[in-house]
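A.B. asks: Pasting a structure below so you can have a look.
The values are calculated or read from the model by the stated rules, or taken from the named source; none is laboratory data. As the structure is a computational prediction, the values presented were derived from the model and not from experiment. Ideal geometry is used to build each Cβ from the backbone, glycine not excepted, and the neighbour counts take in all protein chains shown. In case anyone asks, the SASA skips ligands and DNA or RNA and just uses the protein heavy atoms, side chains included. Shrake-Rupley method; radii C 1.70, N 1.55, O 1.52, S 1.80 Å.
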Amino acid sequence: MDTNKTVAVIGGGIAGMEAATFLSARGITVYLIEKEDKLGGHLLDWERLFPTMRNGSEVVKFLMDGVKADNIKIMLSSKLTAAEKSGKGYNLRINENVDLFADAVLVTTGYDLFDATKKEEYGYGIYDNVITSADLEKIFMSGKALQTKQGNVPKKIGLVHCVGSRDEKAGNVYCSKVCCVTGVKQAIEIKQKMPYTEVFNFYMDLRMYGMHFEALYKKAQADFGIQFIRGRLSEASEDQNGGIILKVEDTLMGKPLKLTVDILVLLIGLIPAKGSKEVGELFGLKNGVNGFYKTTDQHTLTNSSNVDGVFFAGACTSPKTITNTITDARAAASTVAAYLFNYRSLERKIEQNEDFWLYNTK
Amino acid sequence: MSFDWFVLPFSIGALILIVVLISRYILWVIKLSRADRRKSWRSVFSFKLFQAVWEVFNESLLHRKIFRVNALLGWMHMTFALGWFLLIVIGSVESKFHKEKVFNMPYDPIFLRYFEHDVHGFWFAEGFTTIMDTILLLLLVATIMAVSKRFFKWIYGMKRTTKLHPGDQIALASLWLIFPMRFIAESFTAGIYGNGGYLTQTAGDIFATFLPLKSLELGAWWTYSSALCLFFLFLPFSRYMHIPTEVFLIYLRKAGVKTPDNKLTGFSEFETYSCSRCGLCIDQCQLSETTGYDDQAVYFLQKLRRNILQEESSHNCLLCGKCTNICPVGIDITKIRLLKRTEFAPEMLFNYRHYENVIHHDERKVDVAYFGGCMTHLTPKIKIAMTGIFRKLNIRYNFVDENGSICCGRPLKLAGNHMQARDLMQENKRIIIATGAKILVTSCPICYNIFKNEYKFDKIQVLHHSEYLNLLHKEGALKLTPNEEKMVYHDPCELGRMMNIYEPPREILEKSGKLIPVQKEKNFADCCGGSLANLPLSEDNRRKVSKEALTKLLAPSPDILVTACPLCKKTFSNVSDTPVKDIAEVVYERMIE
């Protein structure tokens with residue numbers, strides 16, 4: 001049941017892939033535009049996934065099976081450089097030389113990782129043995145053993161939660177949603193690989209909201225002996241052997257704590273993507289208070305934008321887990337189809353209430 | 001003796017004013033410390049009195065400082081002050097000639113034209129009339145300027161002028177009336193008796209053509225006298241209190257009196273009442289520009305005078321010192337605000353015992369003690385640069401707070417907690433002296449300020465690292481390979497306005513690369529917004545202040561933004577896409593081993 005409709009999906013991460021799959025199933029031609037030379041986005045750099053420890057590559061494979069449809073035109077190493085309204089749809093220019101027309105645009109530009117060098121006090125980019133959660137995944141993926149830069153087996157490893165999230169000074173007041181449980185997952189993985197290494201997680205709150213997350217957290221403590229210390233890291237410095245000296249306050253004990261670890265892992269948060277900003281400027285898309293795209297409504301119109309014919313899916317509107325992203329992508333596909341085929345469902349209106357009052361800003 | 005009933009309002013007003021002023025000043029002098037009182041008596045019989053008179057002439061009459069900042073405003077203030085002063089002085093001399101008496105009534109010079117119709121009474125009488133008319137003309141122009149400033153402040157380059165309270169408004173209205181009324185009264189009299197000068201006579205002759213001057217004359221003089229009376233009565237409760245008070249303030253300053261570090265005295269009363277509410281501080285205030293709070297220096301002092309100051313107002317300030325910098329009266333508003341905070345500060349008990357477990361001090365005897373400070377520990381690139389420089393140059397140093405530290409005490413002081421700060425300072429001082437170092441180098445201007453001003457080391461020279469690095473470079477120990485990167489330098493408030501260190505960082509940066517000037521620098525530099533002096537300030541507002549300051553700094557599109565304060569570095573790093581570096585990092589990168 002081919003239709004003559006086309007949709008451009010901007011971003012070939014998991015949201016873009018799954019949305020493309022579901023759009024194509026309705027007979028819509030999809031241009032899946034990805035700036036890198038591979039589909040899969042950030043998931044390609046992640047080894048195993050919480051809470052089940054499934055391999056990320058299995059999910060990528062599942063999603064790849066979806067985008068094999070004939071009416072999905074995958075455009076790799078492609079960047080949207082211009083967009084112009086044309087009738088009800090858009091004329092889009094890719095890489096300065098390819099022009100195409102789309103009846104609707106689905107933006108799936110995802111997120112960027114917080115730049116940990118912004119928290120200079122944690123020493124990322126300064127001390128050799130300070131790495132980020134993303135670096136740790138790359139080490140896991142490489143299959144190499146986790147070692148200090150000096151080539152030693154780490155005896156103690158610290159993981160710091162909320163780096164660049166819930167941090168007014170860093171300018172990000174929101175919760176990145178995935179780091180708490182990633183911290184628990186990575187701590188367990190370290191323990192699985194190196195049972196004799198002591199692992200400490202420093203947290204403000206542990207938000208185990210998802211199904212099975214709490215069980216994972218419990219397992220981390222009961223079966224793996226991972227120590228969870230409530231307190232935000234105040235500063236890190238380096239000792240002569242390359243060890244990282246941590247100054248933390250244990251807020252449950254009410255005492256300052258000094259601890260030297262061999263490797264420090266920073267659980268970096270998710271921030272609005274640079275790509276979102278560029279694409280947003282082309283279409284005139286509105287950002288919310290935290291810099292992610294602003295959806296038309298917080299509860300109901302969660303895939304609609306302020307621009308007619310442009311929709312959102314995935315982590316470009318807020319940090320999301322893989323589960324959430326896939327669900328959101330399918331919802332977006334449905335919303336785009338409703339728009340293209342004039343379903344009554346999109347005619348519904350809801351009174352807008354601003355979220356700005358939550359913040360002391362305008 | 002010349003007399004008419006209309007002289008009474010003026011005379012009574014003047015008398016009341018004198019009584020109020022004298023009683024206030026006596027009260028404030030009593031509130032001075034004994035030592036300060038002694039200083040002020042002694043200086044009466046010294047050269048300092050002449051210095052004070054000279055400065056009063058320059059500042060209270062000529063208004064040199066306002067001239068420097070804003071020429072139009074300077075002219076207005078000068079003509080008002082000097083003009084009125086000359087009107088009184090020359091008028092008095094003139095009246096003494098007319099009356100041929102050395103001691104005549106105080107109101108005689110004021111109302112001379114009413115009583116004295118003969119302008120040819122003595123050889124220079126006409127000369128006097130011409131001079132007096134000229135002064136009156138200048139004063140009338142000044143009045144027009146003053147009125148226009150209220151309504152067209154942009155002419156004077158001001159975005160905002162001071163909002164006035166009722167006392168000020170009445171005094172202002174009467175002041176606006178005084179000179180036009182004098183002009184009208186004198187013209188009316190001249191129109192009848194022909195005793196005016198080129199201005200008043202001309203005007204009087206014109207008025208005579210269409211006004212019944214004889215019946216209006218007395219009324220005009222009554223109005224003039226009443227305007228004076230009203231001004232005198234409201235002066236002590238208005239901004240114009242600065243006119244008499246500043247004279248005493250200048251004298252006290254010359255006598256060496258100042259506000260002590262720990263409490264406010266009568267001296268700050270003299271300072272507070274010397275504020276003319278000129279409003280130059282208003283446009284300087286980044287915080288009010290961003291947040292809309294009306295707690296700039298002028299309003300803070302106004303609240304202080306009216307005794308309605310709330311704790312919030314004392315904290316609504318970054319203590320960047322820009323208002324103190326611009327103040328033409330030289331009021332140390334930053335200090336007054338800080339000491340007011342102390343009055344509001346709650347008693348707090350601290351327990352520093354846990355330090356014993358955390359801090360392990362290096363007891364080696366060394367040449368240089370290096371104190372990074374808390375903020376430097378949060379910007380470790382700075383401490384890596386400094387310790388790297390020490391090592392490469394083989395300088396025997398001791399990193400005092402390497403393994404944890406005691407705070408220098410200034411953040412507590414900035415919050416008003418002087419007593420608690422003292423405890424920290426004592427302990428810290430003991431630790432620093434124990435290093436045996438002759439030089440104490442710190443990377444943090446906040447620490448530098450308190451080490452230098454309040455620790456009172458006997459044998460230790462305190463240097464900020466920008467001074468120290470510049471010194472090493474001048475001595476030839478530190479050699480640099482400059483590169484082509486374009487740099488702009490941000491003056492930290494605590495290092496610049498508070499400590500007057502402007503040149504050493506610039507000198508060393510010029511030797512390290514291309515330093516390009518920025519629009520607002522040195523004592524006019526903006527605050528980065530990170531100030532520790534305003535803890536209740538929301539992060540959002542802080543970021544706004546930072547971004548605005550950053551935009552100006554990055555206007556010349558530099559490759560890097562350089563500063564000399566870990567707090568400024570941290571604050572700007574959070575909002576800047578251009579790399580932000582400390583001066584120590586720049587030097588460390590470019591030094592030749």
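A.B. asks: For the range B:145-239, state which chymotrypsin sites (Phe, Trp or Tyr not before Pro) are in a DSSP loop and have at most 12 other beta carbons lying within 10 Å of their beta carbon.
C.D. replies: Details: sites: B:F151, B:F152, B:W154, B:Y156, B:W176, B:F183, B:F188, B:Y193, B:Y198, B:F207, B:F210, B:W221, B:W222, B:Y224, B:F231, B:F232, B:F234, B:F237; in loops: B:F152.
Here the chymotrypsin sites (Phe, Trp or Tyr not before Pro) that fit, given the DSSP loop and packing criteria, are B:F152.
A.B. asks: Where in the range B:71-163 are there trypsin sites (Lys or Arg not before Pro) that are in a DSSP coil and have at most 12 other Cβ atoms within 10 angstrom of their Cβ?
C.D. replies: Values: sites: B:K96, B:K99, B:K101, B:R113, B:K149, B:R150, B:K153, B:K159, B:R160, B:K163; in loops: B:K101, B:K159, B:R160, B:K163.
Those that pass, being in a loop and sparsely packed, are B:K101, B:K159.
A.B. asks: Given R₀ = 22 Å, FRET efficiency for A:E278-B:T578 by Cβ-Cβ distance, to 0.05? List each step's numbers first, then the result.
C.D. replies: Details: r = 20 Å, r/R0 = 0.89.
That gives a FRET efficiency of 0.65.
A.B. asks: Compute, for the range A:116-269, the length of the dipole vector about the Cα centre, with Cβ point charges of +1 (Lys, Arg) and -1 (Asp, Glu) only. Units Debye, rounded to 20. Please list the in-between numbers first.
C.D. replies: On the way: 21 positive and 18 negative charges, 65 e Å.
So the dipole magnitude of the range A:116-269 works out to roughly 320 debye.
A.B. asks: Any idea how far apart B:K365 and B:I155 come out in nm if each label point goes 7 Å out from Cα toward Cβ?
C.D. replies: 7.2 nm
A.B. asks: Run the paramagnetic zone check for A:T323: 7 angstrom along Cα to Cβ, then residues of the range A:20-51 with backbone nitrogen under 11 Å.
C.D. replies: A:50-51
A.B. asks: Here is a follow-up. Give me the distance between the Cα centres of the range B:152-231 and the range B:233-249, rounded to whole Å.
C.D. replies: 22 Å
A.B. asks: Taking accessible area as the heavy-atom solvent-accessible surface of the protein chains with a 1.4 Å probe, which residues of the range B:564-590 lose no less than 30 Å² upon going from the isolated chain to the full protein assembly?
C.D. replies: Flagged in the range B:564-590: B:K570, B:N574.
A.B. asks: Turning to a different aspect of this structure: Taking 0.36 nm per residue of separation and subtracting the Cα-Cα distance, what length does fully extending A:E214 through A:Q352 add? The partial results should precede the final answer.
C.D. replies: On the way: separation 138, 0.36 × 138 = 49.68 nm, distance 3.48 nm.
Difference between extended and current length: 46.2 nm.
A.B. asks: Another question, then. Taking 30 Å as R0, compute the FRET efficiency from the Cβ-Cβ separation of B:D283 and B:L49 and round it to 0.05.
C.D. replies: Details: r = 36 Å, r/R0 = 1.20.
Between B:D283 and B:L49 the formula returns 0.25.
A.B. asks: Any idea of the total accessible area buried by the B-A contact, 1.4 Å probe, rounded to 100 Å²?
C.D. replies: Numbers: alone 26970 and 17950 Å², together 43240 Å².
Answer for the B-A pair: about 1700 Å² buried.
A.B. asks: In nm, what is the difference between 0.36 nm times the number of residues separating B:L27 and B:F457 and their Cα-Cα distance? Don't skip to the end; give the middle numbers.
C.D. replies: Details: separation 430, 0.36 × 430 = 154.80 nm, distance 3.67 nm.
Contour length minus the Cα-Cα distance gives 151.1 nm.
A.B. asks: Continuing with the same structure: Put +1 on the Cβ of every Lys and Arg and -1 on every Asp and Glu Cβ in the protein assembly as shown; which of A:L106, A:L301, A:A220 then has its Cα farthest towards the positive end of the dipole?
C.D. replies: Positive-end residue among those listed: A:A220.
A.B. asks: Could you work out the relative contact order of the range B:355-471? I mean the mean sequence separation of Cα pairs under 8 Å and 6+ apart, divided by the number of residues, in percent. Intermediate values should be presented prior to the final figure.
C.D. replies: Details: 164 pairs, mean separation 38.3, N = 117.
Reported relative contact order: 33 percent.
A.B. asks: Can you pull the percent of chain A's accessible area that's carbon plus sulfur, 1.4 Å probe, other chains left in place?
C.D. replies: Working: 8610 of 17080 Å².
The value for chain A is 50 percent carbon and sulfur by accessible area.
A.B. asks: What dipole magnitude, in Debye to the nearest 20, does chain B give about its Cα centre under +1 on Lys/Arg Cβ and -1 on Asp/Glu Cβ?
C.D. replies: Charge dipole, chain B, about its Cα centre: 1200 debye, nearest 20.
A.B. asks: Moving on. Give me the 1.4 Å probe accessible area per residue for the protein assembly as shown, excluding ligands and nucleic acids, in Å². The partial results should precede the final answer.
C.D. replies: Details: 43240 Å² over 955 residues.
Each residue of the protein assembly as shown exposes 45 Å² on average to a 1.4 Å probe.
A.B. asks: If the elastic network links every pair of Cα atoms under 10 Å, which of A:N129, A:N71, A:N95 fluctuates the most in the Gaussian network model of chain A?
C.D. replies: The residue that fluctuates most here is A:N95.
A.B. asks: Let me ask you something else. Would you work out the charge dipole size for the range B:480-592 about its Cα centre, treating the Cβ of every Lys and Arg as +1 and the Cβ of every Asp and Glu as -1, and quote it to the nearest 20 debye? Write out the running numbers ahead of the final one.
C.D. replies: Numbers: 16 positive and 17 negative charges, 45 e Å.
Charge dipole, the range B:480-592, about its Cα centre: 220 debye, nearest 20.
A.B. asks: Which net charge results for the neighbourhood of A:K155, defined as the other residues with beta-carbon distances under 12 angstrom from its beta-carbon, given Lys and Arg at +1 and Asp and Glu at -1?
C.D. replies: Numbers: positive: A:K156; negative: A:E198, A:D262.
Residues near A:K155 contribute -1 overall.
A.B. asks: Could you pull out the trypsin sites (Lys or Arg not before Pro) across the range A:62-128 that fall in loop regions by DSSP (anything but H, G, I, E, B) with no more than 12 other Cβ atoms inside 10 Å?
C.D. replies: Numbers: sites: A:K68, A:K73, A:K79, A:K85, A:K88, A:R93, A:K118, A:K119; in loops: A:K68, A:K79, A:K88, A:K119.
Loop-located and lightly packed - A:K68, A:K88.
A.B. asks: Now for a separate question. Counting only protein heavy atoms and a 1.4 Å probe, tell me what percentage of chain B's accessible area is made up of carbon and sulfur.
C.D. replies: Answer for chain B is 62 percent, counting heavy atoms of protein chains only.
A.B. asks: I've got another one for you. A drop of at least 20 square angstrom in accessible area, chain alone versus all protein chains together, probe 1.4 Å. Which residues of the range B:373-390 meet that?
C.D. replies: B:H377, B:L378, B:P380, B:K381, B:K383, B:I384
A.B. asks: Regarding the protein assembly as shown, what whole-number volume in Å³ per residue does the convex hull of its Cα atoms give?
C.D. replies: Values: hull volume 223.5 nm³, N = 955.
Once divided by residue count, the hull of the protein assembly as shown is 234 Å³.
A.B. asks: With just the Cα atoms defining each centre, how far is the range B:549-567 from the range B:85-147? Give it in Å.
C.D. replies: Between the Cα centre of the range B:549-567 and that of the range B:85-147, the gap is 58 Å.
A.B. asks: Out of B:L553, A:F283, B:C323, whose Cα points farthest toward the positive end of the dipole of the protein assembly as shown (charges: +1 Lys, Arg; -1 Asp, Glu; placed on Cβ)?
C.D. replies: Highest projection toward the positive end goes to B:C323.
A.B. asks: Under the definition of Cα pairs under 8 Å and six or more residues apart, what whole-number percent is the relative contact order of the range B:419-473? Display every interim value, and only then the final one.
C.D. replies: Numbers: 35 pairs, mean separation 20.8, N = 55.
The normalised contact order for the range B:419-473 reaches 38 percent.
A.B. asks: Oh, and also: Looking at chain B only, what percent of DSSP beta bridges run antiparallel? Nearest 5 please. Walk me through the numbers before you get to the answer.
C.D. replies: Working: 2 of 22 bridges.
In chain B, approximately 10 percent of DSSP beta bridges are antiparallel ones.
A.B. asks: On to the next question. For a label point 7 angstrom out from the Cα of A:K149 toward its Cβ, which stretches of the range A:247-270 have the backbone nitrogen within less than 16 Å?
C.D. replies: Under cut-off, by backbone N: A:261-266.
A.B. asks: Here is a follow-up. In terms of modelled amide H atoms, which long-range or inter-chain residues lie less than 5 Å from the amide H of B:I439?
C.D. replies: Amide H to amide H, under 5 Å and 5 or more residues apart or across chains, B:I439 pairs with B:A369, B:Q461.
A.B. asks: From the protein chains alone at 1.4 Å, what is the descending order of accessible area for A:F311, B:F344, largest first? Don't skip to the answer; put the middle values down first.
C.D. replies: Numbers: A:F311 10, B:F344 70 Å².
Of A:F311, B:F344, the descending order of accessible area is B:F344, A:F311.
A.B. asks: State the Cα centre-to-centre distance between the range B:15-47 and the range A:201-230 in whole Å.
C.D. replies: 70 Å
A.B. asks: Dividing the alpha-carbon Rg of the range A:116-269 by 2.2 N^0.38 Å yields what?
C.D. replies: Working: Rg = 14.4 Å, N = 154, 2.2 N^0.38 = 14.9 Å.
Normalised Rg, Cα atoms only: 0.97.
A.B. asks: Same structure, new question: Going by the alpha-carbon gyration tensor, a ≥ b ≥ c the square roots of its eigenvalues, is the range B:8-51 rounded (a/c under 1.5) or, if a/c is not under 1.5, prolate (a/b greater than b/c) versus oblate? Spell out each step's value before the answer.
C.D. replies: Working: a/c = 5.63, a/b = 1.88, b/c = 2.99.
The shape class here is oblate.
A.B. asks: Would you work out which of B:N403, B:I206, B:N70 lies farthest towards the positive end of the dipole of chain B, given +1 charges on the beta-carbon of Lys and Arg and -1 on that of Asp and Glu, about the Cα centre?
C.D. replies: Result: B:N403, furthest along the dipole toward the positive end.
A.B. asks: Ok, one more. Would you calculate a helix-derived [θ] at 222 nm for chain A, using -39,500 (n - 2.57) for each DSSP H run of n ≥ 4 and dividing by the full residue count, to the nearest 500?
C.D. replies: The per-residue figure over chain A is -7500 deg cm²/dmol.
A.B. asks: If you don't mind, another one. Taking a virtual spin label 7 Å from the Cα of B:F124 along the C-beta vector, which residues in the range B:59-95 bring their backbone nitrogen under 14 Å of it?
C.D. replies: Those under the cut-off are B:89-95.
A.B. asks: Continuing with the same structure: Residues of the range A:246-285 losing 40 Å² or more of accessible surface, assembly versus chain alone, probe 1.4 Å, please list them.
C.D. replies: Listed in order, they are A:P256, A:K258.
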